[in-house]
Amino acid sequence: MRVQAVQRRTLLVLSASQVIGGVGQAIGIAVGSLLAAEIAGTAAVAGLASTSSVLGAALLAVPVSRVMSSSGRRAGLVVGYAAAVLGAALVVVAAYADSLTLMLVGMFLFGGGTTAGFQARFGATDLAEPHRRGQALSLVVWATTIGAVLGPNLSQPSGSLAQALGLARLGGPFLISAVLFALAALFVAVLLRPDPLLLSRELTPDVQEPSGSRRSSIRQSLSAIVSTSDGRLGLLAVVVSHSVMVAVMVLSPIHLGHGGATLTVIGVVISVHIAGMFALSPVVGWLADRLGRRRTVLIGASVLAVAVVVAGTAPADRSAQVGVGLFLLGLGWSFGLIAGSTLVTESVPAGIRPQAQGASDLTMGLCAALAGALAGPILDLGGYGGLNLVAGVIVVPLFFVALRGVLSPGHGTA
């Protein structure tokens, strides 16, 4: 009974922190590419803002997961949010000083908020019963909906606030982000007690942490993940889903801007996209537990394919069609992330799960960062339609690997 009570408290605290951090993350994402383009004077570098953030989220996953492995989820989450506070503050300064270099450094550290958000989903599984892991993970993902949908719609008022304070208009959202990330860190530090990871180890004292250097830990963790078919599919699902989502989403504001969309319209469209990412997460988690992880991944790949067709055929002045495409893009991402993350968690021994989860997020983030970096040049060469076409090609391998897994006998509920 005590474990169940702690699990309920853990889900509540993690979910609440996701709401707070979600606002901070989303408000910056909504204007990051616009700020980079404004500072540089060209849309060709717009994708670098998101790329820096995604790269930061990926690389910061390694130290954050190591802190979690040694000191628990609470300490790791605080480290991630603290990095995001510093990053957001640097972006505010960069916007005022018109420095693209400083902005990219700030966006790198800003990615710590994403790292904390992603690692929080794994914290929901530490004390969860095996047949409810998908639902537990999805509840924490779902909690991001409130903050993430609200965040982009604060872009306009936060910009006005920044101007009133004598700061750059597009630096305003990051000022709000810094405050919210600090609140999320404080919230977790005070209320995430007992620590779910440390408690799970107390309940299973036979579970041992692996030894070795950071480099060998990452290598061994990835080797453990890909040693099983479930692990390989899980890793592929999170990598493809996140990379496709990042590549298309980060340059959608630029596409809409070419059609004359205001910051308010762009904020609404991004909110719709984020709603697709998080709003139906509990349903996705339930499906992952009931239909099986592999079938859920297959559904996600199918939704992603439809999404890039809808978004890719939308003219720049058709914000509604872009919004529908981005909603489906977010929904497909949700299917891939939740089912894939659950497969990764279940594919490795309990003793190395924090390191494996960090290695998975590292791989996912690095691939997404590459996708974000290439998205700008692809947009310049082939337009928004060409970008979505390339994204669709990336989805194809995931679809067929998942289909083969579903059709293969003897996989049970996986």
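Some points to look at:
- Residue tally, condition farther than 20 Å from residue 250 by Cα and surrounded by fewer than 24 Cβ atoms within 10 Å (Cβ to Cβ), over region 44-63: 2
- Criterion violated by residue 218 - all others in (1) surrounded by 24 or more Cβ atoms within 10 Å (Cβ to Cβ); (2) β-branched (Val, Ile, Thr); (3) modelled with pLDDT under 95; (4) more than 18 Å from the chain's Cα centre (by Cα) satisfied: (1)
- Residue list for region 315-355, restricted to those being under 18 Å from residue 388 (Cα atoms), among the aliphatic types (A, V, I, L, M) and surrounded by fewer than 24 Cβ atoms within 10 Å (Cβ to Cβ): 316, 320, 324, 328
- The residue list 386, 405 contains one member that is part of a helix (DSSP H, G or I) and more than 20 Å from residue 236 (Cα to Cα), which is 386.
- Of all the criteria given as (1) touching a residue at least 60 places away in the same chain (Cβ under 8 Å); (2) within 23 Å of residue 252 (Cβ to Cβ); (3) assigned to a helix (DSSP H, G or I); (4) more than 19 Å from the chain's Cα centre (by Cα), the one not satisfied by residue 316 is (3).
- Qualifying residue in region 320-337 (condition: modelled with pLDDT under 95, aromatic (Phe, Trp, Tyr) and under 19 Å from residue 245 (Cβ atoms)): no
- Residue 252 falls short of the stated requirement of being closer than 30 Å to residue 11 by Cα and either in contact (Cβ under 8 Å) with a residue 24 or more places away in the chain or outside any helix (DSSP H, G or I) (or both).
- Residue satisfying condition, being polar (S, T, N, Q), surrounded by fewer than 24 Cβ atoms within 10 Å (Cβ to Cβ) and in contact (Cβ under 8 Å) with a residue 24 or more places away in the chain, within set 99, 138: 99
- If the condition is being hydroxyl-bearing (Ser, Thr, Tyr) and touching a residue at least 24 places away in the same chain (Cβ under 8 Å), then region 143-174 contributes 144, 145, 155, 158.
- Residue identified as part of a helix (DSSP H, G or I), over 23 Å from residue 276 (Cβ atoms) and out of contact with any Phe, Trp or Tyr (no Cβ under 6 Å at 6 or more places or on another chain) among 358, 365: 358
- Just one of the listed residues (73, 66) is of a type outside the set (A, V, I, L, M, F, W, C), buried (at least 23 other Cβ atoms within 10 Å of the Cβ) and over 27 Å from residue 263 (Cβ atoms), namely 73.
- Test for residue 201: is it free of Cβ contacts under 8 Å to residues at least 24 places away in the same chain and of a type in the set (D, E, K, R): yes
- For region 243-293, taking the residues that are of a type in the set (Ser, Thr, Tyr), in contact with a helix residue (DSSP H, G or I) (Cβ under 8 Å, 6 or more places away or on another chain) and more than 29 Å from residue 129 (Cβ to Cβ), the one that is modelled with the highest pLDDT is identified as 243.
- Failed criterion for residue 260 (all others in (1) part of a helix (DSSP H, G or I); (2) farther than 20 Å from residue 145 by Cβ hold): (1)
- Residues satisfying the stated conditions in region 278-314, i.e. among the basic types (Lys, Arg) and either closer than 20 Å to residue 394 by Cα or buried (at least 24 other Cβ atoms within 10 Å of the Cβ) (or both): 293, 294, 295
The values are calculated or read from the model by the stated rules, or taken from the named source; none is laboratory data. Computed from a predicted structure; not experimentally measured. Positions of Cβ are generated from backbone atoms using ideal geometry, with glycine treated the same way; all protein chains shown enter the neighbour counts.
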